[in-house]
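Everything on this sheet refers to the single structure shown next.
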Amino acid sequence: MGRWTWGTAFAVLVLAACGGDDDVTGAGTTTSSSGGTTSNTTSAGGTGGAATTTSTGGNRGGGGDAGSASVACDYQVESGVMVIEAEDLPLAADWQTATTEAGFTGSGYIVWTGNSQNNNPGQGTISIDVYVPVAGRYRWRWRNRIGMGTNTTEHNDTWLRWPDLAVTGYYGMKNPGNESRRYPKPTCDDGNLMQMIEQDATVASAGCPNGSTSDGWMKIYSSGASDWSWSTRTSDNDAHNIFIEVAQPGVVTFEISARADFHLIDRIVLSEESVADNVAEDTGAMPTPCD
Ligand SMILES: [Ca+2]
């Protein structure tokens with residue numbers, strides 16, 4: 001086992017020389033393509049290698065003046081946390097506000113009352129601009145529950161997309177330190193890009209989530225949410241929490257669109273990764289609209 005002979009060495013050398021495109025040299029060349037596909041309205045893109053957890057925008061000059069939001073935005077991250085009461089969102093199509101299920105925060109919650117859109121993201125899209133004053137990795141979660149019946153795998157999901165982040169800037173993650181990451185399609189179909197991400201020392205695995213995803217959208221579901229819960233996940237039967245990477249301070253947009261009917265969303269939080277759960281999930285925290 002593992003014995004190194006001239007024969008195997010020769011074979012490896014030949015393979016490396018002949019089939020190089022999916023070996024080390026090939027993977028290296030994909031780096032620039034990830035930067036190149038960055039479609040960021042506020043950045044020059046090139047450095048957008050947001051694949052790392054330590055995407056410290058910290059060395060970007062400009063001295064971290066957080067919170068000077070003379071920027072056009074709907075909500076903002078304040079002291080590391082953005083809070084939205086879902087019922088305050090500009091609702092589209094068959095989204096409605098409701099108050100039937102007790103225990104919500106603010107003045108209610110939202111519910112999709114149209115047909116389910118299990119394979120059809122982009123229906124009833126709600127688009128929100130968020131000012132993020134500090135670059136880094138942020139966790140997304142919402143307070144939600146099923147709104148019909150007792151089967152917690154039904155009426156438990158809604159689509160989420162971040163259209164102007166780098167293609168590697170939005171994913172599901174579990175096992176911090178030895179991360180499994182699940183990116184939306186079509187990003188996750190790019191095998192070379194996934195391989196490049198796996199070269200990050202903190203990432204063990206990168207690929208597609210189980211279940212439906214398309215055009216940058218991922219299905220975000222709750223587990224066991226027969227009552228209000230912060231369970232916010234992607235990848236069926238393989239729960240990954242939801243993260244974004246923001247390469248530099250500025251405004252980023254998220255989009256929510258309908259998937260399951262009777263999925264109730266009460267409150268939405270985006271928080272810096274370092275923010276403790278009990279802070280992010282403090283239902284007494286006030287919403288953080290832009291001024
Ligand atoms: Ca609410």
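Quick notes
- Number of the condition not met by S212 [criteria: (1) under 19 Å from I128 (Cβ atoms); (2) touching a strand residue (DSSP E or B) at 6+ places or on another chain (Cβ under 7 Å); (3) at pLDDT below 95]: (1)
- Counting the residues of the range 232-259 that are small (G, A, S) and over 14 Å from the mean Cα position of the chain (by Cα) gives 3.
- Here is the figure for the range 192-234: residues that are in contact with a Pro (Cβ under 9 Å, 6 or more places away or on another chain), surrounded by fewer than 21 Cβ atoms within 10 Å (Cβ to Cβ) and in contact (Cβ under 8 Å) with a residue 60 or more places away in the chain total 4.
- Residue match in the range 252-259 (condition: within 28 Å of A102 (Cβ to Cβ) and within 16 Å of the ligand (Cβ to nearest atom)): yes
- Leading residue by the ranking (nearest to W159 (Cα to Cα)) among those in the range 177-200 that are under 13 Å from the mean Cα position of the chain (by Cα) and part of a loop (DSSP other than H, G, I, E, B): P184
- Among the residues of the range 117-136, not a single one is modelled with pLDDT under 95, of a type in the set (G, A, S) and away from the ligand (no atom under 16 Å from the Cβ).
- Residues of the range 156-171 satisfying the condition of being of a type in the set (A, V, I, L, M, F, W, C) and over 21 Å from I146 (Cα atoms): W162, L165, A166, V167
The values are calculated or read from the model by the stated rules, or taken from the named source; none is laboratory data. This is a predicted model, so every value here is computed, not measured. Counting neighbours? That spans all protein chains shown, and the Cβs are built from the backbone with ideal geometry, glycine included.
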